[in-house]
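Engineer: Below you'll find the structure I mean.
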Amino acid sequence: TLDTASRDALNEDFMALRRNQILWTIFQTDVAAPDSPLPVEIRQNVLTLSRFVDKATYERLADLDFSRVAILVDINRNLATGLMAASGNAGEAVAPQGAGGDETAATGTTPHRASAAPVRGYGLSIGA
């Protein structure tokens, strides 16, 4: 059996993946909307990427191997960087939430910066 600390860590990792799954569901819904302002090519790319994220997320939720979430962290960081560049905030640092840059904790959270500003034409806010 797991001790309390291990069980708590496992629960935190699991919930981080669930939050990431919710975030990507929001992306999917937004880009699939008929009135999405994004160009068709970008919409298709985001939806293709979201299928990969869904698959990787479900695999980690099934096998609970949280040591294999680096790809999800990288995708989230790259997406956040791209969204910030599109909003004119490319110079601001993207800092994952979680102590010490913990990748597992960062997986299911959106990056944050001092002020949350909507991403122009996309209807999402990146921020804490």
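The values are calculated or read from the model by the stated rules, or taken from the named source; none is laboratory data. The shown structure was predicted, so the numbers you read here are calculated from the model rather than taken from an experiment. As a convention, Cβ positions derive from the backbone with ideal geometry for all residues, glycine included, and neighbour counts pool all protein chains shown. Heads up: the accessible areas ignore ligands, DNA and RNA and are worked out on the full protein's heavy atoms, side chains in. Shrake-Rupley method; radii C 1.70, N 1.55, O 1.52, S 1.80 Å.
Engineer: Only one of these conditions is not met by Val53: (1) open to solvent by less than 80 Å² (accessible area, probe 1.4 Å); (2) modelled with pLDDT under 95; (3) not aromatic (Phe, Trp, Tyr). Which number is it?
Structural biologist: If we test Val53 against (1) open to solvent by less than 80 Å² (accessible area, probe 1.4 Å); (2) modelled with pLDDT under 95; (3) not aromatic (Phe, Trp, Tyr), just (2) comes out false.
Engineer: So Asn20 passes all but one of these: (1) outside any helix (DSSP H, G or I); (2) among the polar types (S, T, N, Q); (3) in contact (Cβ under 8 Å) with a residue 60 or more places away in the chain. Which condition number does it fail?
Structural biologist: (1)
Engineer: In this structure, is Glu59 assigned to a helix (DSSP H, G or I) and farther than 18 Å from Ile22 by Cα?
Structural biologist: no
Engineer: Follow-up question, since we're still on this one. Find the residue count for segment 1-41, including only residues that are more than 19 Å from Leu64 (Cβ to Cβ), more than 15 Å from the chain's Cα centre (by Cα) and polar (S, T, N, Q).
Structural biologist: Here the count works out to 1.
Engineer: Scanning for something farther than 25 Å from Asp8 by Cβ, of a type in the set (Ser, Thr, Tyr) and more than 13 Å from the chain's Cα centre (by Cα), does segment 50-59 turn up at least one residue?
Structural biologist: The answer is no; no qualifying residue exists.
Engineer: Turning to a different aspect of this structure: Only one of these conditions is not met by Phe27: (1) at pLDDT 85 or above; (2) open to solvent by 50 Å² or more (accessible area, probe 1.4 Å). Which number is it?
Structural biologist: Of the numbered conditions (1) at pLDDT 85 or above; (2) open to solvent by 50 Å² or more (accessible area, probe 1.4 Å), the odd one out for Phe27 is (2).
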